[in-house]
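The values are calculated or read from the model by the stated rules, or taken from the named source; none is laboratory data. Worth saying up front: this structure is predicted, and the values here are computed from it rather than measured. For neighbour counting, all protein chains shown are included, and Cβ atoms are generated from backbone atoms with ideal geometry for every residue, glycine included. The protein model used for the area step is the full one, side chains on, heavy atoms only, and it has no ligands, DNA or RNA in it. Shrake-Rupley method; radii C 1.70, N 1.55, O 1.52, S 1.80 Å.
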2 protein chains.
Amino acid sequence: MTARSTNTGEGSGAQDPHRDIPEATVARLPVYLRALTSLAERNIASCSSEELATAAGVNSAKLRKDLSYLGSYGTRGVGYDVDYLSYQIAREIGVTHDWPVIIVGIGNLGQALANFSGFSSRGFRTVALLDAAEQMQGRTVAGLEVRPFADLAEIVAAEQVSIGVISVPATAAQDVADAMVEAGISSILNFAPAVLNVPPGVDVRKVDLSIELQILAYHESRKAAEADETVDNGSEEGITA
Amino acid sequence: MTARSTNTGEGSGAQDPHRDIPEATVARLPVYLRALTSLAERNIASCSSEELATAAGVNSAKLRKDLSYLGSYGTRGVGYDVDYLSYQIAREIGVTHDWPVIIVGIGNLGQALANFSGFSSRGFRTVALLDAAEQMQGRTVAGLEVRPFADLAEIVAAEQVSIGVISVPATAAQDVADAMVEAGISSILNFAPAVLNVPPGVDVRKVDLSIELQILAYHESRKAAEADETVDNGSEEGITA
DNA sequence: CGGAGTTTGTGACCACGAGAACAAACTCGC
DNA sequence: GCGAGTTTGTTCTCGTGGTCACAAACTCCG
Ligand SMILES: NC(=O)c1ccc[n+]([C@@H]2O[C@H](COP(=O)([O-])OP(=O)(O)OC[C@H]3O[C@@H](n4cnc5c(N)ncnc54)[C@H](O)[C@@H]3O)[C@@H](O)[C@H]2O)c1
Ligand SMILES: NC(=O)c1ccc[n+]([C@@H]2O[C@H](COP(=O)([O-])OP(=O)(O)OC[C@H]3O[C@@H](n4cnc5c(N)ncnc54)[C@H](O)[C@@H]3O)[C@@H](O)[C@H]2O)c1
């Protein structure tokens, strides 16, 4: 999605491994960062790729390859310094400073999100909660006052917000997204089960519960079917155990 | 370079449509299903791959290829019958009948999930809410009584549950997962920011807010860096917009 | 009834990602 | 100081998935 292959021609090289990190790697960096944080909390100062890979639930070769895209921050024969690597990953992701975030749609889900502490502890700070409903106005959720949706542009400009979370009903999602883009937001996390249409340059990621469950259901169905077949003829490709 | 033509050698042939649906396709089928449902609600009886692809936010060739894995359910020169295709996809996913689901951890997020209607309308039925905390016992959330975590095995057996949702704090997630597996659950949707270890045969999918936000932050950082560079040397490939 | 137009289904091709394997680089013991 | 042992960074290979393009199959109209 929105592959941004800027293909920089200049060979300043050296301190420029900041280009071309594969999307799949980007998606795993936060997992590594969390694993490292967990190690640091247990006062572990350094670790091998094998240990970190286990903690992150991936293959150690994959981990090393991923880390190699950011640079060479390990020491052969030794491993990685936990704090140093944490900082490098955080820097690469861009969470060394906090990002201001707004949440639009303070219903069941929006309130849970607003109360979610993991937000603030991982590089993000909820600066405003917005809702269109009259009865939500003035209410305080998670220490923040719920503000009218009409204030969106003003808030985004004042707080330099570039990331917005959508937790409104699916029917309103596109309108909210349009308003967000109009206000200057360029990254959207969408919880509504709707396909969002945004101009190029704006990133959208979706979190969709129903889809996840349906994927599980698909595999579950096949497990059941396979069990039936095994009873039936017993000859399945050597899956062993 | 790296122009490897995978040279498969044998013509494999023999389509057995119900086998071997690529994971990427499985992940998109629910999106198509939702788009079809939306069309059906607008009394649209048939559609072309182009229309459906637009509604689902994908490329039409990809859509056709995805659908071709399930069989040949379209009519050339005409398109797809909405109801018929909906049924075929639902059947393939395995959501023609409802799946019983339990939710463990009825805190902020768990309550939002329990109240989430999209659950029940898309092939799933929440049959029980479980929580370990004393003060949650006996409370009613979304019309269901919160039951003690100790009842897990009993409930799973009685209701034939194979899908479980985890929304407990990260520190408790592995314990809950272990108990679920022990009780016979073979598909887990995990909202806790923790890497779960499960035996083979058990599927885990995770929904991780922090990770999604960090991925957005990464791209956001690069957008900012790119803007700087553009100011710097002004030589950027015509991005237009 | 036949040709023009339309849309599906699929084969070919290419880019991306996963994993195994190994050389380079470092530490430690002697 | 040097060899043995360890662990990283990288290369190579292969499978998966995305996109293009087109033949096959269907409808419609004259
Ligand atoms: N509840 C869940 O667990 C859950 C899970 C997954 C996805 N979702 C999705 O998240 C979204 C929100 O779910 P919810 O349960 O919180 O719904 P909800 O109805 O409780 O809350 C929606 C909120 O959005 C506000 N709103 C509506 N239109 C708006 C607009 N145009 N601008 C600003 N605010 C507006 C409403 O006033 C309301 O407060 C839905 O799309 C739902 O499908 C919810
Ligand atoms: N709130 C959010 O929006 C949000 C978003 C993303 C992820 N998460 C994650 O979801 C999880 C739950 O979040 P929350 O905000 O609902 O937390 P919460 O503290 O409000 O609720 C957790 C619930 O789990 C119960 N619990 C604890 N240990 C248990 C155990 N061993 N067995 C059964 N129940 C147990 C607690 O009694 C509590 O009711 C956390 O891991 C959090 O990181 C939350």
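Brief remarks on what is shown
- Listed residues A:69, B:32 arranged by accessible area, highest first, probe 1.4 Å: A:69, B:32
- If R0 equals 45 Å, the separation of the Cβ atoms of residue A:178 and residue A:50 corresponds to a calculated FRET efficiency of about 0.40.
- FRET E, pair residue A:42, residue B:65, Förster distance 51 Å, beta-carbon r, rounded to 0.05: 0.60
- Residue-level accessible surface for residue B:195, protein heavy atoms, 1.4 Å, Å²: 70 Å²
- Here's the list of lysines a cross-link from residue A:223 could span, going by alpha-carbon distance under 21 Å and ignoring same-chain residues fewer than 8 apart: B:206.
- Take residue A:73, move 7 Å from Cα toward the beta carbon, and the resulting point lies 4.6 nm from the same point in each other copy, nearest first.
- A Cα-only calculation for segment A:23-93 places Rg and Dmax at 10.6, 31 Å.
- Where N is the number of residues in chain A, Cα Rg divided by 2.2 N^0.38 Å: 1.25
- Near-label residues of segment A:81-106 by backbone N, under 17 Å of a point 7 Å along Cα→Cβ of residue B:224: A:87-102
- Helix B:23-41 and the long axis of chain B differ in direction by around 90°, with both axes built from C-alpha atoms.
- Sequence of B:117, A:210 when ordered by accessible area, the most exposed leading, probe 1.4 angstrom: B:117, A:210
- Taking all protein chains as they are arranged and a probe of 1.4 Å, the heavy atoms of residue B:99 leave approximately 30 Å² accessible to solvent.
- Cβ-Cβ FRET estimate between residue B:135 and residue B:157, R0 fixed at 25 Å, reported to 0.05: 0.40
- List B:120, B:72, A:162, ordered by accessible area with a 1.4 Å probe, largest first: B:72, B:120, A:162
- Semi-axis lengths, largest first, of the ellipsoid equivalent to the protein assembly as shown are 34, 29, 28 Å, with √(5λ) applied to each eigenvalue of the Cα gyration tensor.
- Dipole orientation for chain A: of the candidates A:35, A:172, A:118, A:35 has the Cα lying most toward the positive pole (charges on Cβ; Lys, Arg +1; Asp, Glu -1).
- Taking all protein chains together and rolling a 1.4 Å probe, residue A:175 ends up with roughly 100 Å² accessible.
- C-alpha center-to-center spacing [segment A:173-210, segment B:112-188] in angstrom: 31 Å
- The simple spin-label model puts a point 7 Å past each Cα toward its Cβ; for residue A:91 and residue A:78 those points are separated by 1.7 nm.
- Surface share of carbon and sulfur [accessible, 1.4 angstrom probe, percent] for segment A:99-207: 50 percent
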